[in-house]
1. Name the long-range amide H neighbours of L315: under 5 Å, sequence gap of 5 or more, or other chain; modelled H, no Pro or chain starts.
2. Would you order T338, T221, T69, T136 from fewest to most other beta-carbon atoms within 10 Å of each residue's own beta-carbon?
3. If we count other beta carbons within 10 Å of each Cβ, what is the order of D252, D289, fewest first?
4. Through the Karplus equation 6.51 cos²θ - 1.76 cosθ + 1.60, θ set to phi - 60°, convert the phi angles of the range 210-218 into ³J(HN,Hα) values in whole Hz; use x for Gly and Pro.
5. Gap in Å between the Cα centre of the range 211-279 and the Cα centre of the range 309-334?
6. Read phi for every residue in the range 62-69 and hand back ³J(HN,Hα) as whole Hz from Karplus 6.51 cos²θ - 1.76 cosθ + 1.60, θ = phi - 60°, with x for Gly and Pro.
7. Beyond a 19 Å Cα-Cα separation, which of these cross-linked pairs lie in this structure: K262/K317; K84/K159; K159/K244; K159/K292; K159/K273; K84/K134?
8. Would you mind ranking M282, M334 by Cβ crowding within 10 Å, fewest neighbours first?
Amino acid sequence: MIDLVSKLKTSIFSPMRMGRHIWNYDYQDFRLIFEQSDELHYFYIKSKTQRVVARSTVIVLFSLMIILTLLVFHSGFSVWRYSKLEASKIEAEQKKQEAIDALATLSESDVDDTKDLTQEHLLKMAQIYKDRLKKTKLLVQYSSQELSQANHALEQGLKAAGVSHGDIEKSLKGVAFNSSHEGGPSKELGLGSSVDQDLNLYKNALERNQSINALLGAIPTATPVQGAFIASGFGPRIHPVTGKLTLHEGLDYVPSFDQYAKSVLSGVVEIVKNDPEGYGNMVVVAHSDGVKTLYGHLAYVSVTQGQKVEKGVVLGKIGNTGLSTGTHLHFEIMVKDTKVNPSIIMAMAKNVQ
């Protein structure tokens, strides 16, 4: 053991050598006899036990060193990533300011009378137009980038609500932006091939943005009952009656002063029936673009199948029919027969101008 201590002293600045010494040392049985209160005591540790304890200590120490090294690298990576994000933020702010400056410059009036201008003035005007063209390109690029980011956020929101990518693309084709109702003579901008390419990208992003907003506008965002609170949201839950884990595919509204379920959009009543083992008295209203809404657990229904209804029309009184534990309205939204999360759709509508 004394030999091991001397070896460790010589390798104190080399953790790898120290670890090898501890790991490969030829441990011998350790015996210690000591006297206490006129009695001899015997203390014995086997070499195998010493080897297990020593090697376990080496493993623990090196594991701690590895974890510490990983933490240091992770901390350094986090600092680097944060610095990169800050730099990107500063760059984005600079681009935004440059775009605002470009807009301010482009809003200035041009010189109409070009007669009797000197060569120096003409060269100056040419330089001004060149600068404005550059700022126009910058403004179009910035606007196109902003629209693309907005489109991506809207599409991700629709997907999070439950609308599939395929349904989004099909719906966008069906509600593609149509400018036929906007008239008046106009002249196509011709600002050079580079700027024209940027304008085409901006035009495509703008049309997609308007189409996405049109799709979002086709999905109901109003609540079917006023002043109610949501007792159960969209997603997995323990069913209050069966006690089983189920997927709750809508929102449960518990009414306060308003006791009537109202259509959240205009449409046609598609289904009126009683489902005693599920929704109870229920109404399904079909709206445009494959959108439908369902209203369940009604005390009674005030509309008939095939009836056209406007937004806000009373469909029935909120009740406790079907598989229910109390008076409430179960409300669902379906897009192309896929049930989506009304909470996400309503939150998106509040933040989309």
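Where a number appears in this text, it was derived from the coordinates with a stated rule and is not lab data. These numbers come from a predicted model, not from an experiment. Every residue, glycine among them, receives a Cβ derived from its backbone with ideal geometry; neighbour counts consider all protein chains shown.
1. Amide H neighbours of L315: A261, K262, S263.
2. T69, T338, T221, T136
3. Fewest-to-most Cβ neighbours within 10 Å comes out as D289, D252.
4. 5, 5, 5, 5, 5, 5, 4, x, 7
5. Cα centres, the range 309-334 to the range 211-279: 7 Å.
6. After applying 6.51 cos²θ - 1.76 cosθ + 1.60, I find 5, 5, 5, 5, 5, 4, 4, 4 Hz.
7. Pairs exceeding the cut-off: K84/K159; K159/K244; K159/K273; K84/K134.
8. Final ranking by Cβ density, sparse to dense: M334, M282.
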